[in-house]
């Protein structure tokens with residue numbers, strides 16, 4: 001069974017490969033897209049621009065942050081499995 005996390009991973013790997021093939025800094029281009037949602041950060045090569053738009057940006061960012069802390073879970077109090085995070089704003093005035 002395909003999960004959203006698996007689909008995000010598949011799509012992001014394909015986008016990464018397309019960017020590398022074209023000689024771009026793939027990490028920088030993907031970060032630019034994730035921060036701005038501007039599709040011009042992503043090449044059309046190998047249909048990468050269409051694929052990146054299928055990705056749930058919020059879910060992907062949540063998974064990235066959760067995976068970043070996986071090695072230190074005991075220090076941050078554990079958490080939900082990847083892809084199952086719920087977030088609240090810490091300051092409603094933001």
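Coordinate-derived values only; no laboratory data. Not measured: the values here are computed from a predicted model. Cβ atoms come from the backbone with ideal geometry, glycine included; neighbour counts cover every protein chain shown.
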For residue 62, the lone unmet condition from (1) touching a residue at least 24 places away in the same chain (Cβ under 8 Å); (2) touching a helix residue (DSSP H, G or I) at 6+ places or on another chain (Cβ under 7 Å); (3) surrounded by 12 or more Cβ atoms within 10 Å (Cβ to Cβ) is (2)
Output the number of residues of the stretch 51-73 satisfying the condition of being more than 18 Å from residue 18 (Cα to Cα) and part of a helix (DSSP H, G or I).
-> 16
Among residues of the stretch 1-50, those that are touching a residue at least 40 places away in the same chain (Cβ under 8 Å), assigned to a helix (DSSP H, G or I) and surrounded by fewer than 17 Cβ atoms within 10 Å (Cβ to Cβ), counted = 2
